[in-house]
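For reference, the structure discussed in these notes is given below.
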Amino acid sequence: MRGLRKLVFLTAAVIVAAVAGLAQADERRIAVTGTGQVEAAPDMAVITLGVTEQAPQAQEAMRANSEAVARVLERLADMGVESRDVQTRDLSLSPVWSNRRANQEAPPEITGYVASNRVVVRVRELSALGRILDAAITDGANDFNGLQFSVAEPKPLTDAARAKAVADAVDKAGQLAAAAGVTLGPVVSITEGGGGPRPVPRMAEMAMADSGAVPVAAGEVSVSVSVSMVFEIAE
């Protein structure tokens with residue numbers, strides 16, 4: 001019985017020592033976060049155009065909407081926009097209700113219908129962006145829901161931003177080690193944070209597109225990456 005107690009005691013001591021050793025190892029580490037950012041001129045834009053039509057009857061509203069959208073799509077094709085770069089985002093038909101404030105007890109009535117259609121367009125030739133916007137509005141697009149610049153091939157920018165992030169983390173770790181009077185050891189782990197890199201619009205030096213009636217400033221897009229790195233402290 002005494003031998004069993006001694007064995008249990010020794011086992012517990014070994015476990016405690018191992019845990020203490022791991023804790024001490026964690027204490028002899030430097031953890032930093034590095035960021036890297038790369039800017040570039042965009043070479044592509046995504047625009048969202050909409051057509052909204054109202055009429056007394058649902059069929060009339062939908063017919064007017066469909067005709068206007070067809071004109072817009074035909075014009076986009078004539079201007080060189082490929083079919084793979086045009087996508088219908090949503091199509092809706094809603095009633096318009098009367099608002100009888102004079103008689104609150106009277107039930108509302110349908111006085112007409114509104115048909116809406118939104119189309120997302122990728123423009124790969126930025127010099128034509130302004131003319132495309134002007135033509136779409138002329139042909140019936142009466143709802144503009146946004147413009148976003150981007151790059152068609154973001155991987156080279158992402159790779160460069162990632163390399164900058166790692167270099168930034170290494171530099172920070174080196175500064176911390178020097179300030180603490182210790183020697184920086186090897187890398188223990190590297191983790192890319194935040195769900196991966198994403199292009200971020202950045203208004204910098206403005207490059208005006210040949211826009212015809214609609215002036216457009218392309219500016220720059222910025223790709224940012226962050227990494228978390230853990231280093232050992234050398235003995």
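The values are calculated or read from the model by the stated rules, or taken from the named source; none is laboratory data. This is a predicted model, so every value here is computed, not measured. All Cβ positions, glycine included, derive from the backbone under ideal geometry; neighbour counts span all protein chains shown. With ligands, DNA and RNA removed, areas are computed over all heavy atoms of the protein, side chains included. Shrake-Rupley method; radii C 1.70, N 1.55, O 1.52, S 1.80 Å.
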Consider residue 98 carefully, then state whether it is without any contact (Cβ under 8 Å) to a residue 24 or more places away in the chain and under 26 Å from the mean Cα position of the chain (by Cα).
no
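Table: residues versus (1) over 23 Å from residue 217 (Cα atoms); (2) small (Gly, Ala, Ser).
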site	(1), (2)
59	yes, no
79	no, no
95	yes, no
99	yes, no
115	yes, yes
126	no, no
132	no, no
144	no, no
153	no, no
Does any residue of the stretch 161-173 turn out to be assigned to a helix (DSSP H, G or I), closer than 30 Å to residue 68 by Cα, in contact with a strand residue (DSSP E or B) (Cβ under 9 Å, 6 or more places away or on another chain) and open to solvent by 70 Å² or more (accessible area, probe 1.4 Å)?
no
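In the stretch 16-33, is there at least one residue being within 28 Å of the chain's Cα centre (by Cα) and at pLDDT below 90?
Within the stretch 16-33, the subset within 28 Å of the chain's Cα centre (by Cα) is 31-33.
Of the ones still in play, those that are also at pLDDT below 90 are none.
Among the residues of the stretch 16-33, not one is within 28 Å of the chain's Cα centre (by Cα) and at pLDDT below 90, which makes the answer no.
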Within 13 Å of residue 231 (Cβ to Cβ), surrounded by 16 or more Cβ atoms within 10 Å (Cβ to Cβ) and hydrophobic (A, V, I, L, M, F, W, C), is that true of residue 184?
yes
Just a yes or no: is a residue in the stretch 41-48 open to solvent by 40 Å² or more (accessible area, probe 1.4 Å), assigned to a loop (DSSP other than H, G, I, E, B) and more than 22 Å from residue 118 (Cβ to Cβ)?
yes
Hey, residue 133 hits all of (1) assigned to a strand (DSSP E or B); (2) open to solvent by less than 20 Å² (accessible area, probe 1.4 Å) but one; which does it fall short on?
(1)
Which residues, counting only those in the stretch 136-160, are surrounded by 13 or more Cβ atoms within 10 Å (Cβ to Cβ), assigned to a helix (DSSP H, G or I) and under 20 Å from the mean Cα position of the chain (by Cα)?
157, 158, 159, 160
Scan 90, 139, 85 and give me the residue that is acidic (Asp, Glu) and closer than 30 Å to residue 40 by Cα.
85
